[in-house]
Amino acid sequence: MSFPITRMRRLRRNATLRRMVRETSLSVDDLILPLFVRPGEGVKKEISSMPGNYQWSVDTLVEECKEVEGLGIPAVILFGIPEHKDEQGSEAYAEDGIVCRAIEAIKRACSELVVITDVCMCEYTDHGHCGVIMDNRDGNPDVDNDATLELLVRESLAHVNAGADMVAPSDMMDGRVGEIRLALDDEGFSDVPIMAYAAKFASGFYGPFREAAESPPQFGDRSSYQMDPANLKEAIREIELDIEEGADIVMVKPALPYLDVIRRAADDFELPIAAYNVSGEFAMLKAAAAKGWLDEKRVAMESLLSIKRAGAKLILTYWAKDAAKWLAE
Ligand code: PBG
């Protein structure tokens, strides 16, 4: 049946009709807020390329988390900026490291909030790469996969011992989900889920994050471990492997330039899909909104809804607090 019998506009005539036939919705339950913690006291240092986002010290972070919990946001994901960086990224797995101290303080203050930690070495190494550097076969420095696994396991255990509710390895080493799962189970943490950054692309959209986490690579880039933006089949293999190794939630990152990957993941796999609406996706809309070129609320909510429509259940987003407020309006 086609025009004039069929008229698609009939169901768009007014707001109530549109509400009735709306296929996708965004809920506060879908949101995870990334937060950055650094040493010090009373610190609330704005990240210039991510307006409205800050590096916090543990005390101010706890206040922020109370507000986040009060807004009904279910979870935060923590990134640490250590006191000292070194070649082995030792503060990543130190029991009194910045993230461990933050977890303990948040868990004392917020009983409902799920505290997830980003498990990676790049914030803690002086070279800014996500693992242990060794010379590769061509004689060039590169991240050594198998030597890095042990450090990621130690980091995960430190976070979970401090009270983390979930760990999220973001390094893209092969085999890390399986190693972390085994170690957690061995230590009596069989009930702690792993959210794997499964299909993480080597993306230019992480630019502002590297300012936020003070973690740009000091040489080269991350393309020997993060994925080539051209590859969809490879993304599906990465996700499949992380599921086989025991991931409970799999993530696609970034989100908006990779909605096709999210869609395929949602079609092919039955476990919850998360998507990371990354720093660059946030910064570009913020910048355009500051110039008056875009309506921030509209484009932010449209972006988040699109990520849901593509098939994600969870969204890591720097708009989590704003979105929670907008949804409550
Ligand atoms: C750590 C990590 C990064 C992001 C999350 N975890 C940076 C990177 O891989 O370079 C980026 C998040 C964002 O851009 O918002 N490896």
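The values are calculated or read from the model by the stated rules, or taken from the named source; none is laboratory data. Please read all numbers here as calculations on a predicted model, not as lab measurements. Methodologically, a virtual Cβ is constructed for each residue, glycine included, from the backbone with ideal geometry; neighbour enumeration extends over all protein chains shown. Areas reflect the complete protein model, heavy atoms only, side chains present, ligands, DNA and RNA absent. Shrake-Rupley method; radii C 1.70, N 1.55, O 1.52, S 1.80 Å.
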Give me a count of the residues in the stretch 281-329 that are within 19 Å of Asn53 (Cβ to Cβ), open to solvent by less than 30 Å² (accessible area, probe 1.4 Å) and among the small types (Gly, Ala, Ser). 8
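For the stretch 242-261, name all the residues that are open to solvent by 40 Å² or more (accessible area, probe 1.4 Å) and under 24 Å from Asp165 (Cβ atoms). So that I can check it myself, show each step before the final result.
First pass over the stretch 242-261, keeping only residues open to solvent by 40 Å² or more (accessible area, probe 1.4 Å): 243-245, 248, 256-257, 259-260.
The answer is Ile243, Glu244, Glu245, Asp248.
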Lone unmet requirement of (1) open to solvent by 60 Å² or more (accessible area, probe 1.4 Å); (2) touching a residue at least 24 places away in the same chain (Cβ under 8 Å); (3) among the hydrophobic types (A, V, I, L, M, F, W, C) for Met227: (1)
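If you scan the stretch 263-280, which residues turn out to be within 16 Å of the ligand (Cβ to nearest atom) and crowded, with 24+ Cβ neighbours inside 10 Å?
Kept after step one, since they are within 16 Å of the ligand (Cβ to nearest atom), are these residues of the stretch 263-280: 274-280.
Ala274, Ala275, Tyr276, Asn277, Val278, Ser279 - these are the residues of the stretch 263-280 that are within 16 Å of the ligand (Cβ to nearest atom) and crowded, with 24+ Cβ neighbours inside 10 Å.
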Testing Leu71 on (1) in contact with a Ser or Thr (Cβ under 9 Å, 6 or more places away or on another chain); (2) modelled with pLDDT of 95 or more, one condition comes back false. Which one is that? (1)
Please verify whether Pro193 is open to solvent by 20 Å² or more (accessible area, probe 1.4 Å), within 16 Å of the chain's Cα centre (by Cα) and under 21 Å from Val114 (Cβ atoms), treating the condition exactly as stated. yes
Over 21 Å from Val114 (Cβ atoms), surrounded by fewer than 24 Cβ atoms within 10 Å (Cβ to Cβ) and among the basic types (Lys, Arg) - does that describe any residue in the stretch 143-161? yes
Of the residues Gly40, Gly89, Gly80, which single one is on the phi > 0 side of the Ramachandran plot and in contact with a Phe, Trp or Tyr (Cβ under 8 Å, 6 or more places away or on another chain)? Gly89
Among the residues of the stretch 9-19, is there at least one that is assigned to a loop (DSSP other than H, G, I, E, B) and within 16 Å of Ala105 (Cβ to Cβ)? no
Leading residue by the ranking (most open to solvent (accessible area, probe 1.4 Å)) among those in the stretch 50-94 that are of a type in the set (Gly, Ala, Ser) and over 25 Å from Met251 (Cα atoms): Gly70
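Inside the stretch 116-225, counting only strands (runs of 3 or more DSSP E) that do not spill past its ends, which hold 1 or more residues that are within 15 Å of the ligand (Cβ to nearest atom) and of a type in the set (Phe, Trp, Tyr)? Before the answer, list the steps.
Values: elements: 132-135, 141-144, 166-169, 195-200.
By residue number, 195-200.
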